[in-house]
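The values are calculated or read from the model by the stated rules, or taken from the named source; none is laboratory data. All figures in this text were calculated on a predicted structure; none of them were measured in a lab. All Cβ positions, glycine included, derive from the backbone under ideal geometry; neighbour counts span all protein chains shown.
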Amino acid sequence: MIEPNQTAFIVKVACSDEEAPERLLTLFYAVLAEDPESGMQIVRDAVREGAEVTLTEVRLSQATAQAIDLLPGYARAL
């Protein structure tokens with residue numbers, strides 16, 4: 001259940017590819033949080049150390065967040 005004070009943020013993650021370190025892999029995560037900073041921290045905790053984590057301007061609607069079963073405090077790769 002999404003609380004009124006929570007927003008579903010989309011966060012971009014760039015990290016090096018273990019098989020080709022000169023290349024960056026770009027991934028997107030959805031995270032349900034009360035504010036952008038806590039959302040980014042949830043994603044940082046979920047990905048490889050040293051990954052570049054960037055908040056995007058994109059937000060998910062409540063219907064979409066519920067459809068993908070997004071839970072507060074967890075990052076979901078998209």
Select from region 6-27 the residues that are surrounded by fewer than 13 Cβ atoms within 10 Å (Cβ to Cβ) and in contact (Cβ under 8 Å) with a residue 60 or more places away in the chain and list them in ascending order.
-> none
When the residues of region 39-64 are filtered to those that are at pLDDT below 95 and among the hydroxyl-bearing types (Ser, Thr, Tyr), which remaining residue is nearest to PHE9 (Cα to Cα)?
-> SER61
Under 6 Å between Cβ atoms, at least 6 apart or on separate chains: pull out the pairs that start in region 28-53 with a residue that is part of a helix (DSSP H, G or I) and end on any residue that is surrounded by fewer than 17 Cβ atoms within 10 Å (Cβ to Cβ).
-> PRO36/LEU55; MET40/LEU55
Of the residues in region 54-78, those that are in contact (Cβ under 8 Å) with a residue 60 or more places away in the chain and among the small types (Gly, Ala, Ser) number 2
